[in-house]
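Reviewing the structure listed below.
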Amino acid sequence: MLHYTRCLIFCGLSLATAAASADPGNISDRYARDPQQKVDEAYSKKIAEYTTATMFNSALTNYLPASATVPTPAKVLGDVAGAPNMLPYTKDIYRYFRLLADSSPRVKVFSIGKSEEGREMIAVAIADEALLADLKDNDARLAQLADPRTIGMDDTKASALVAKTTPVYYITGTIHSTETGAPTALMELAYRLAVDDAPYIKGIRSRVITLITPVVEPDGRDRMVDLYNWHRAHLGENYPHLLYWGHYVAHDNNRDAMGMTLNLTRNVMTTYVGWHAQVLHDLHESVPFLYDNTVGDGPYNAWVDPILTSEWQQLGWDNVQQMTQFGMPGVFTHGDFDTWSPGYLMFIAAMHNGISRLYETFGNHGADTEERILSPDEYSRTWYRQNPPLAKVTWSQRNNNNYEQTALLSTLNYFADNGKQFLQNFYRKSKRSIEKPANGGPAAYVLSAEDAHLGAQAELLRILQLQHVEIQRAGSAFTAQVIAPPEKKDDKKTDDKTIEAKDKSADAVKDTKPKMIARNFAAGSYIVRMDQPYSRIADALLDRQYWAPEDAQKHPYDDTGWSMGDQFGTEVVRVTDNGILNVAAQAVTGTINAPGGVHGEGAMYVIDNHADIALITLRYAFKGADITVAEKAFDTDGRHFNAGALFVRGASGKAFADKLVELGLDAYATNAAPDVATHHLSAPRIALMHTWLDTQTEGWWRMALDKLKVPYSYINTQTVAREDDLRRKYDVILFGPVGVDNSQLIVDGLPMWGNAMPWKTTPLTPNMGNIDSTDDIRPGLGGAGVAHLRKFIEQGGLFVTSSDSAKFAIDMGLAPGVFVASAKDLRVVGSVLGAEIVDAASPVAFGYSKNFALYSPNGMAFSVSNLVTGDDGLANAKDYKRPTGRGGPSEVDTVQSRGDSEIPALPSAKPWQALPLNAQQQRNNPFAIPASLRPKTIVRFGDADDLLISGLLQGGGALAQRAAVVDARLGRGHTLLFANNPIWRGETIGSYALVFNAMLNFDHLDATESAK
């Protein structure tokens, strides 16, 4: 019934919207060519030749108009767009667009920034010459619609602006480098828009400014072309999959629209917002034959305007109907992509009052023409896919280009026909964003000037600035009404409480208002007001998320929680009282930094530790300085300092002071060293190890080190297999998540049958091998590599692991006494969970409050034991079931005719602890770990009632209080295991310092014993 109702709604909507765009005649008349315009017969013949069946083309793209002055893509490509066995490099793509601009007054090319490796990104504007001449004035009008405050929120003025304003439709291609077809499709699309005189295209040109970025990830594009060229030169041989799509990350470059870490995201954001565009339409390739996931599936993001969700339906279903009328199979719009996360590139538009769109067409990961065999779920007929793809098909890149262009041309035509409506909606969404405090709220978010983690706070505020969010700063102290925090639990009772969570969902529908209290904020506190055009992205990032376990969507497409304040470890206060809008505050215009500098004069400086990520930058910036670290909290000169505070000698002067200002760190001069235990703070020699299986997730770790200017060697598992003495070179080896659940794959690598698969720089592959290289990606770590890692740790090294690499360490015997905890019926999908420090004396925990948040991708946790074989089978109080006998269930049985004998108490342990061993269990037991080598839990997950902060959590009792971060000992060294991923997408700044603390204190991780 649900599907039937949904179909009535969607199908009815599609019919209505299609009718609104349709001409009286049939579809052939609607998209008829100009009979007076010549056709490029040779080019058109090639289109037909490279299209594998007529059903895979349309009247929009089965020909190319001729021009005596404007070159076709063949001028640069040497063949038509979408030709087989050929992929162009970015320089050739850009050369063509510049040729187009040089030869047509309807095309302009703009440089919009550089990639991490210095490659250019461009945006190409296509419209009538008069519209391009009017770009500046048109943008001024769009800017007023984007910020209705500039016209006094006056609907009449807005309507007048709409009447004389042209909308901007922004199309982006090839963010995912293995999805190779979009650049050539966009080259040919641009030519058609510039040259074709078909009435419908003239209508597009005169009523829409089409903006195109043909390659979003130029670094990965050029590597993919290299890889494809190697394949063409070695036909019949296996070839590597693309390892480095971008300089840092692969598929995840389309998850960066929250953290804004990548150049491509920043460049597209600046372009989209700078042009005040109405649509951001991103082209992908993974689904047959065209999935317009503009409509997608639920749940929809909770912060988008309802106008947008209706626009998704309107555009998506019209697109399906138009292409179905062309007779092109396999086009649909409803699917399993939930539109929840705002991390996708296209969602820049959704969060900035525009329209986000995305196509998935069918690509072959190159330009080969191949027979493709689909799975039943891809070719089955469903209520939303009545004309499904063929089960078996010969597919070409030209087919793909036909689908991409036909869909874009039909949607641009529809957008042109309804452009004024979409401009009105753009204005209304912008206005409603400004009216947010009065219509649903909240009024603002406040970030206190008295926050303990001002460095993390500044990091978060800088992300909001990159999102073009307005931020204000209070000039004086103020008071605001805020929701009262929950009552604190009795810590003594917490340990004994049941770890099963109480279901609180019913609290949401109680007829009660939350208790409010007055809270004082100091001068200098930041206020993010919601009465601004881009309030939605601020609200979405700063608020918390809840994904109901019973939601009909059982397979979330990406992370379900991301509350940035929690993940950054800085407090964000949501204020619903509109009185906050009356607080006197000034707009922040420059880049926000935490306060920092030198205070006073003395023989040494003390820098407090608040888990600041800048501390590791400071340590390496002054490698020659004598820096020690306090093992306990202390007071000096009237100030309190946390355990982990730094004592700096041998660094002073302007360079030191300037660096502190840059990093947002305060150094307090003193002449007398406080009476507190200290140890030397190293500037360790770091290696970051990767596999040749995947370089996706470790890329976020590499980026963090680079941005914080931490020197390191980038090594691979084959290097480790060859290096017998790793300890001679390195003090710390980082091994971030790999993306494989099978530890043996890391050891074995890829199967060795077939040919070698090189990844290196050669004349044929000039763009490969610049990050790392090998003659053959197939060999893995091998037994020798595992042995070398063991030797490294035993000789005093630190091996840092996370998520699946932590499982690898456990499986390989590099973390004695640590096990992956089993958790039946647990569901966690990229959630933010509560955590608690249980070993505050450990250097890993320096600077942290007792309770904080961790990002968990999948709910992984550890159990620890004093036995290398684990605690299974050991008698313990929790599992004890008394036998049948006298007395009640809590009494002890009595043996008749015998005096009572002493019954030893059974041991008990919390979920994050190891069971204590009795004398019998330790006697002559080679599996018993010596006390000095037993694993320590440093961080555990929170209690069940406090475990979920944001996202999806089901069956949380199985995860509550389990070990999250464990320090395992092996010989003289340590293996540090994270069940979570502490360095992820630039969104988990609050957990970075757990890694950095361990690195800097690698040779004093046992300081916990002396500190206690």
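The values are calculated or read from the model by the stated rules, or taken from the named source; none is laboratory data. Owing to the predicted nature of the structure, the values given are computational and were not obtained by experimental measurement. A quick note on method: Cβ atoms are made from the backbone with ideal geometry, for glycine too, and the neighbour counts reach across all protein chains shown.
Numbers for the structure displayed
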{"quantity": "Residue among Ala821, Ala835, Ala861 that alone is within 19 Å of Ala998 (Cα to Cα) and in contact (Cβ under 8 Å) with a residue 40 or more places away in the chain", "calculated": "Ala835"}
{"quantity": "Members of the range 810-841 that are basic (Lys, Arg) and either assigned to a loop (DSSP other than H, G, I, E, B) or at positive phi (or both)", "calculated": "Lys824"}
{"quantity": "Of all residues making up the range 706-728, the number that are surrounded by 14 or more Cβ atoms within 10 Å (Cβ to Cβ) and more than 16 Å from Thr774 (Cβ to Cβ)", "calculated": "6"}
{"quantity": "Complete set of residues in the range 620-639 that are in contact with a strand residue (DSSP E or B) (Cβ under 8 Å, 6 or more places away or on another chain) and surrounded by fewer than 22 Cβ atoms within 10 Å (Cβ to Cβ)", "calculated": "Phe622, Ala625, Asp626, Thr628, Ala633, Phe634, Asp635, Thr636, Asp637, Arg639"}
{"quantity": "Spans of helices (runs of 4 or more DSSP H) in the range 149-211 with at least 3 residues modelled with pLDDT of 95 or more and either outside the structural domain of Ile126 (by TED's automatic domain parsing) or within 21 Å of Gln322 (Cα to Cα) (or both)", "calculated": "182-195, 199-207"}
{"quantity": "In the range 124-179, the residues that are surrounded by fewer than 18 Cβ atoms within 10 Å (Cβ to Cβ) and among the basic types (Lys, Arg)", "calculated": "Lys136, Arg149, Lys157, Lys164"}
{"quantity": "Filter result for the condition that a residue is among the β-branched types (Val, Ile, Thr), assigned to a strand (DSSP E or B) and not assigned by TED's automatic domain parsing to the domain that holds Ala552, over Thr394, Thr406", "calculated": "Thr394"}
{"quantity": "Pick from the range 383-441, criterion charged (D, E, K, R) and surrounded by 24 or more Cβ atoms within 10 Å (Cβ to Cβ), ranking: farthest from Asn319 (Cα to Cα)", "calculated": "Lys429"}
{"quantity": "Residues (free of Cβ contacts under 8 Å to residues at least 60 places away in the same chain and either in contact with a Cys (Cβ under 9 Å, 6 or more places away or on another chain) or under 25 Å from Tyr239 (Cβ atoms) (or both)) located in the range 723-743", "calculated": "Asn742"}
{"quantity": "Unique match (being surrounded by 20 or more Cβ atoms within 10 Å (Cβ to Cβ) and closer than 16 Å to Tyr403 by Cβ) among Thr52, Thr61", "calculated": "Thr61"}
{"quantity": "Asn858 buried (at least 19 other Cβ atoms within 10 Å of the Cβ), assigned to a loop (DSSP other than H, G, I, E, B), under 28 Å from the mean Cα position of the chain (by Cα) and at pLDDT 95 or above", "calculated": "no"}
{"quantity": "Residues of the range 592-621 that turn out to be in a loop (DSSP other than H, G, I, E, B), farther than 25 Å from Ala477 by Cβ and out of contact with any Leu (no Cβ under 7 Å at 6 or more places or on another chain), as a count", "calculated": "5"}
{"quantity": "Answer residue from the range 316-374, given it is among the small types (Gly, Ala, Ser) and assigned to a loop (DSSP other than H, G, I, E, B) and is surrounded by the fewest Cβ atoms within 10 Å (Cβ to Cβ) among those", "calculated": "Gly327"}
{"quantity": "Condition check for Asp637: of a type outside the set (Lys, Arg), modelled with pLDDT under 95 and farther than 30 Å from Gln744 by Cβ", "calculated": "yes"}
{"quantity": "Of residues in the range 1-58 being of a type in the set (Ser, Thr, Tyr) and over 22 Å from Phe415 (Cβ atoms), the one modelled with the lowest pLDDT", "calculated": "Tyr4"}
{"quantity": "All positions within the range 277-315 that are polar (S, T, N, Q) and part of a helix (DSSP H, G or I)", "calculated": "Thr309, Ser310, Gln313, Gln314"}
{"quantity": "Residue within the range 254-274 that is crowded, with 22+ Cβ neighbours inside 10 Å, out of contact with any Ser or Thr (no Cβ under 9 Å at 6 or more places or on another chain), at positive phi and not small (Gly, Ala, Ser) present", "calculated": "no"}
{"quantity": "Counted residues, the range 214-240 - those being within 23 Å of Met752 (Cβ to Cβ) and either in contact (Cβ under 8 Å) with a residue 12 or more places away in the chain or assigned to a helix (DSSP H, G or I) (or both)", "calculated": "9"}
{"quantity": "Residues of the range 695-705 classified as touching a His at 6+ places or on another chain (Cβ under 9 Å) and either outside any helix (DSSP H, G or I) or surrounded by fewer than 22 Cβ atoms within 10 Å (Cβ to Cβ) (or both), total", "calculated": "3"}
{"quantity": "Every residue from the range 954-992 that is assigned to a strand (DSSP E or B) and hydroxyl-bearing (Ser, Thr, Tyr)", "calculated": "Thr975"}
{"quantity": "Some residue of the range 988-1002 being within 26 Å of Ala875 (Cα to Cα) and out of contact with any strand residue (DSSP E or B) (no Cβ under 7 Å at 6 or more places or on another chain)", "calculated": "no"}
{"quantity": "Output for the range 727-745, where each listed residue is over 14 Å from Arg702 (Cβ atoms) and either of a type in the set (Val, Ile, Thr) or part of a loop (DSSP other than H, G, I, E, B) (or both)", "calculated": "Lys729, Tyr730, Asp731, Val732, Gly739, Val740, Asp741, Asn742"}
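This table checks each residue for (1) more than 22 Å from Ala456 (Cβ to Cβ); (2) part of a helix (DSSP H, G or I); (3) touching a residue at least 60 places away in the same chain (Cβ under 8 Å).
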residue: Lys632; (1), (2), (3): yes, no, yes
residue: Ala643; (1), (2), (3): no, no, yes
residue: Phe647; (1), (2), (3): yes, no, no
residue: Ala651; (1), (2), (3): yes, no, no
residue: Phe656; (1), (2), (3): yes, yes, no
residue: Leu660; (1), (2), (3): no, yes, yes
residue: Ala669; (1), (2), (3): yes, no, yes
residue: Ala672; (1), (2), (3): yes, no, no
